[in-house]
Every structure is written in C-alpha cells, then in structure tokens.
Amino acid sequence: MSASVPPPLEEFVTSARSFLQTVGVQRARTPQASAKSRYALFAGSTDEEISAAIEYQRAAFDAGFGWITGPAEYGGAELPPNYERAFAAVEREYTIPSKGPLSVSLGMVAPTLARFGSESARKRYLRGLRRADIVGCQLFSEPSAGSDLAAVRTRAESSVDGGQWTINGQKVWTSGAHYSDIGIALTRTADGPRHRNLTAFVIDMHAPGVDVRPLRQITGAADFNEVFLVDVGVGDSCRLGNVGEGWSVAIAMLMFERSAIGGSSSGGSGLFRMHDLAAWITALGRQNDPSVIDAFARLYSGVVGAKAMRVRAEANLRENGAPGPEMSLGKLALTANLQLLSDLVSAVLGPKLVADTGDPQSFAWSELVLSVPGMRIGGGTDEIHRNTVAERALGLPKDRP
C-alpha cells in the first residue's frame, strides 16, 4: 500500500473487507438477541485472549491496517485520518478478537512514545508496539499517588555522566504489567515543586530489579498488578521529554488514555449494539414495559450524544495533533452510558439478574452491573474529569489557589 499516493477510499475499503474476512466472522446485519455467557468490564484477559489480540494486531499490521495514519519510517501506512475511520467502520462489521489486552499499549504507550521519545527510542520501540511484537503498560499510580499523580515517590537518580539512571519505587494498579515488555514510568528526579521535578522513562519490564505481582480481584481475575522497581537501570536514551518536565508527558499520556477509554468505545456503543439490545428485550417479552422503554430511550440518547462528541473530538485531534481536555467528555459519557445500560438491564431482568437459572440471557449480566461503579474510578475519577473540562476546556476558575 503506497504511502505517497493513497489509493481511492473505495479500493481501500474493499481491501480492508477482504482482510477482515480472513481473520474474523461477519456479523449478522439483522438484530440478534445475543446470548453471551458473560458480560463484564473488569473480567481480566486470559492467556488465549491476549495471544489472539496479538495475533490479530500482527496480521492487521502486516496487511497495512495496523497503523493506518502512522509515518512510513516506523511501519505506518501514512494514510489520511479518514482512511482510519473507514477501516474502523468496516471492522465493526466483523467479530474479531478483542483488542482490549492491547488498549494501553496501542492507545497510550505508542502515541506517548511517538510524541516524546528520542529518535533512537522511536526506532527501537514504535514498530514493535504497533505490530504487537512489544506490549507496553503505564507505570503511573502508586500507593500514595492515585488521582494526585504529582505525589509520586518513585525516584530516578542520574549517573555522574548523565548517561544512565537508576530507578527505585513501587507502582500499583498497573493494567497488563504481567504480559508487558516495556512500561512508561513517571518518576521524581528532584525535590521541590511537585509538578516541576518529574521525569518519564521507558522501562524494560524484563530488566533485573523489576518485580511484577498480580493483584487478584474478587472476580478471580488478575488484570491489575503492583510493580516493584529496585535499582532498575535505564539509559538516558529511554527518557521521554526533558528532565524535570515529566508532568507534560504525564498529562499527554492521560489525554491519550481518556481518548482510548472514552473515545474508542464511543460512549459505550463499542461494547454493545442498540438494535441487538432491542432484539434481546423483545425476545424476553419486555418491549412494552414502560420502565424498560424509558431506560432504553435514555441509553439510546446517551449513545447518540456520545457519538456526536466523538466526531467533534476527532476533528479537534486532527487540527491540534494531540488529544485535548475535551477527551474527558468521552470518559464521562462512557461512565454515564454504562450506568444507563446497567439501569436498563436491571429493569429488564429484575430478580433474574442475580439468580443463576441457567439462562445465559439473564445471570450473564450480573458481573457487568456490579462492575459499573468501578468505571467512575478507573482512568481517572469522574470528579477529576469534570474539573478538567471545567478548568481546561471551559476556562472556569480553579477550585484551589
């Protein structure tokens, strides 16, 4: 696929559809009353799901669809953004392996490294990240630094000649660290003003001194981890941005995170299809219940609104080259719509929601309903996102000096 002369969009879409037919199954065009055995938000990824996601990404990359807008020198197809949107639209027509296990790596680590990494780091990591030969994670949160990210205590000390750094500290709630090859770590490189003495690095997750310990969830899964860093050596070429300016890197990565969490799912529509939900409700004979109709209408309105916000956010991204504070709206929309989905499912199922009667149409939803409150915390609390929109998008006064 030529990067200098883009193919006609229709030809590109035809090629995309031909590729997807080799790796996925085309979804039915008519509404389906889905009977999945389990719906969950924090289920954790099995080894098979991780392998399937990696294999799909490699196949997509090799076919020219793994980094559609990326620069050719790092393996990208270097096509306009509308080609990426066209591929995403065609991709939704097929059942393919979930890309969830790679969401942090592709949606956060890769774009942050592309923006702030040294030339040697870009050459070393970008192609591998986009092809899923390398998987990355985010090493930000600490036991005493969650929403207050500037309070991180992990230290990075420079060698005399400045060519090497030694990192010591602890990170927690790191998604996917147990199968990651690299991680972007936010560290403190000097005392003083909290936001001015942070520096970000790319860390080899297989290096001596890196100890990854999975955190077992109440569901039995272990997708989150705590990571201990003891005298971990990092070359200065793996530094992201200038020394002491890691806060800018962190903010950019958080914006990429909010884009990945809220934007890729378009306010929840990436997790379900409204016409399939309607077919499911009809199959259960609840389509005429006023409470169900009201809950469905609220969810539908929320999804339509989220899609409209997504279009505007994409336009801003194309204009500015990086996600801005408006990406927080996508995360807020996702959280709100998942709560509306929970309300709808609860209205449809009633007591069947928590009683395993052997019907996959009912009890399968219980874990999702119980998981929804966690979305108000993951990826930044709702309060943090509202402050971001208020202060950085609307220009309202800050709530602190």
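The values are calculated or read from the model by the stated rules, or taken from the named source; none is laboratory data. Please read all numbers here as calculations on a predicted model, not as lab measurements. When we count neighbours, we look across all protein chains shown, and the Cβ atoms used for this are built from the backbone with ideal geometry, even at glycine.
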- Item | the stretch 197-244, subset of a type in the set (S, T, Y) and within 18 Å of T112 (Cβ to Cβ), residue surrounded by the most Cβ atoms within 10 Å (Cβ to Cβ) | T199
- Item | Residue within the stretch 163-186 that is more than 16 Å from G379 (Cβ to Cβ), out of contact with any Asp or Glu (no Cβ under 9 Å at 6 or more places or on another chain) and surrounded by fewer than 17 Cβ atoms within 10 Å (Cβ to Cβ) present | no
- the stretch 274-286 - residue that is surrounded by 15 or more Cβ atoms within 10 Å (Cβ to Cβ) and assigned to a loop (DSSP other than H, G, I, E, B) and, of those, modelled with the highest pLDDT: R286
- Item | Filter result for the condition that a residue is among the hydrophobic types (A, V, I, L, M, F, W, C), in a helix (DSSP H, G or I) and modelled with pLDDT under 80, over A322, A315 | A315
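Give the residue that is modelled with the lowest pLDDT, with candidates limited to residues of the stretch 325-368 that are among the small types (G, A, S), surrounded by fewer than 22 Cβ atoms within 10 Å (Cβ to Cβ) and part of a helix (DSSP H, G or I).
The residue in question is A364.
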- Task: Within the stretch 135-165, track down each residue that is more than 30 Å from I54 (Cβ to Cβ), in contact (Cβ under 8 Å) with a residue 12 or more places away in the chain and among the hydroxyl-bearing types (S, T, Y).
- Result: S147, S158
- Single residue of A297, A306 found to be part of a helix (DSSP H, G or I), among the hydrophobic types (A, V, I, L, M, F, W, C), touching a residue at least 40 places away in the same chain (Cβ under 8 Å) and assigned by the TED database to the domain that holds N337: A306
- Query: Being hydrophobic (A, V, I, L, M, F, W, C), over 25 Å from A177 (Cβ atoms) and part of a loop (DSSP other than H, G, I, E, B), is that true of even one residue in the stretch 126-139?
  - Reply: no
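Consider L254 carefully, then state whether it is at pLDDT 95 or above, more than 26 Å from I96 (Cβ to Cβ) and of a type outside the set (S, T, N, Q).
Answer is no for this residue.
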- Message: Residue under question is R153, and the condition is that it be assigned to a helix (DSSP H, G or I) and either touching a strand residue (DSSP E or B) at 6+ places or on another chain (Cβ under 6 Å) or among the basic types (K, R) (or both); does it hold?
- Response: no
- Note on the structure: Subset of the stretch 366-392, residues closer than 17 Å to L149 by Cα and not basic (K, R), comes to I377, G378, G379, G380, T381, D382, E383, I384, H385, N387, T388
- Of all residues in the stretch 113-158 being hydroxyl-bearing (S, T, Y), in contact with a Gly (Cβ under 9 Å, 6 or more places away or on another chain) and outside the structural domain of G44 (by the TED database), which is modelled with the highest pLDDT? T154
